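See below for the structure under consideration.
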Amino acid sequence: MIPFLDLKAPHVELHDEVMEAIGRVVSSGWYVLGPEVDAFEADYAAYCEASHCVGMANGLDALHLALRAMGVGHGDEVIVPSNTYIATWLAVSQCGATPVAVEPVEATYNMDPGKIEAAITPRTKVILPVHLYGQPADIDPILDIARRHGLRVLEDGAQSHGARYKGRRIGSHGDAVAWSFYPGKNLGALGDAGAVTTDDSVLADRIRVLRNYGSRVKYVNEVQGYNSRLDPIQAAVLRVKLKHLDSWNSRRETIAGNYLHGLKDSGLILPVVPSWAQPAWHLFVVRSARRDELQAQLTSAGIGTLIHYPIPPHLQKAYETEGGAGVGHPIAERMAKEVISLPIGPHLSSAQTCRVIDGVLLHA
């Protein structure tokens with residue numbers, strides 16, 4: 001069986017480093033925030049070419065608290081992609097605001113900048129593009145629209161650790177970037193973890209206060225905050241893995257190149273990489289009108305695949321009474337019926353990659 005993603009392999013490769021890092025936290029006696037979290041925040045901010053990093057419990061909280069820090073609340077609207085994981089929408093709803101969906105560019109799956117202005121109303125506060133599948137969204141035109149309309153830009157970077165837009169790492173192009181370190185991400189923890197990176201010191205300070213019960217001084221609560229603090233053990237493990245992220249992303253890039261070459265005559269719709277983008281290749285997503293049949297045949301051949309994502313947020317039961325319920329988003333709906341993600345990860349071997357290519361060509 002070729003797994004879709006081998007979650008154990010990174011910890012086999014880095015076993016001694018990871019165990020040493022965990023032991024260091026256990027021996028320290030400091031189990032909430034503290035020096036290990038501070039160190040990871042400094043390391044990750046530098047990696048992302050950002051001034052600040054604020055660690056949190058998970059990626060959804062990173063989105064939610066960043067929106068809260070931007071002043072998003074009841075009655076506001078946030079522009080989101082129609083084609084994304086539901087967490088992007090949930091963060092908006094948790095603020096009491098309304099997600100307003102914009103369709104993607106078909107070639108890249110990311111939010112279409114040309115469709116954003118039509119979605120702006122007097123209630124719009126933030127534009128929230130997602131760097132989906134590790135492919136950078138086209139940020140410059142989005143930032144231009146935001147500046148002209150007095151809006152903030154919060155990027156969802158949950159799948160784009162190490163990706164570059166016009167030569168610069170994703171991390172601080174907009175007002176802030178929300179990150180997830182869920183175990184399956186390019187930079188994954190041993191459980192849930194998240195962060196926000198930004199160049200805005202005021203915004204970073206607000207988020208730090210919000211994540212810690214609305215407090216910066218013990219027992220002094222400035223606002224009604226939350227409990228969403230990055231765990232020191234997760235921070236320590238992430239510090240170890242961060243040193244290997246570029247190397248692991250390079251392995252992913254090699255696999256993606258092999259797929260693009262090996263599947264060019266398959267009849268599938270393959271990923272398109274704009275000249276200004278350097279993807280992190282979190283996922284390798286292809287499209288097929290016979291997707292379900294292809295997936296079943298690959299499964300029978302021992303090749304693991306996943307669908308990212310089978311139901312667009314606007315068609316989920318969770319949004320049947322809000323967030324544009326009843327409004328069609330045909331591009332996202334068509335993609336949901338056609339996309340299939342092939343195995344990709346830094347520990348997928350060349351032989352396994354060839355088996356996947358052969359399996360797809362046999363059944364595509």
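List of remarks:
- Here the accessible area is traced with a 1.4 Å probe on the protein chains. For region 1-103, carbon and sulfur cover 61 percent of it.
- Fraction of accessible area attributable to carbon and sulfur, region 240-364 (%, probe 1.4 Å): 54
- Computed from phi, the 3J(HN,Hα) profile of region 223-229 under the Karplus parametrisation 6.51, -1.76, 1.60 (θ = phi - 60°) reads 9, 7, x, 9, 10, 9, 10 Hz, with x in place of Gly and Pro.
- When only Cα pairs below 8 angstrom with a gap of at least 6 residues are kept, the chain shows a relative contact order of 22 percent.
- Environment charge at VAL327 (Cβ cut-off 14 Å; Lys +1, Arg +1, Asp -1, Glu -1): -4
- Residue-normalised accessible area of the chain, given per residue in Å² at a 1.4 Å probe: 41
- Normalised contact order of region 69-174, rounded percent, pairs of Cα under 8 Å and 6 or more residues apart: 24
- Cα centroid of region 290-364 to Cα centroid of region 183-241, whole Å: 32
- Take every DSSP beta bridge whose two residues both sit in region 116-205; close to 50 percent of them are antiparallel.
- With a cut-off of 14 Å between beta carbons, the residues surrounding ALA146 carry a summed charge of -4, where Lys and Arg count +1 and Asp and Glu -1.
- Among THR197, THR353, THR321, residue whose mean-square fluctuation peaks in a GNM of the chain (springs only between Cα atoms under 10 Å): THR321
- Cα-based shape type of region 1-75, given that a ≥ b ≥ c are square roots of the gyration tensor eigenvalues and the cut on a/c is 1.5: oblate
- Share antiparallel - DSSP beta bridges, the chain, percent rounded to 5: 60
- Rel. contact order, % - alpha carbon contacts under 8 angstrom, at least six apart, region 86-147: 27
- Cα gyration tensor shape of region 50-126, rounded if a/c is under 1.5, else prolate or oblate by comparing a/b with b/c: oblate
- Measuring spread by the Cα atoms of the chain yields a radius of gyration and Dmax of 20.3, 64 Å.
- Under 9 Å, Cβ to Cβ, from HIS282 - net charge with Lys/Arg +1 and Asp/Glu -1: +2
The values are calculated or read from the model by the stated rules, or taken from the named source; none is laboratory data. Since this is a predicted model, take the numbers as computed values, not measurements. Reconstructed Cβ throughout: ideal geometry from the backbone, glycine too, with neighbour counts over all protein chains shown. These accessible areas exclude ligands, DNA and RNA; they are computed on the full protein's heavy atoms, side chains included. Shrake-Rupley method; radii C 1.70, N 1.55, O 1.52, S 1.80 Å.
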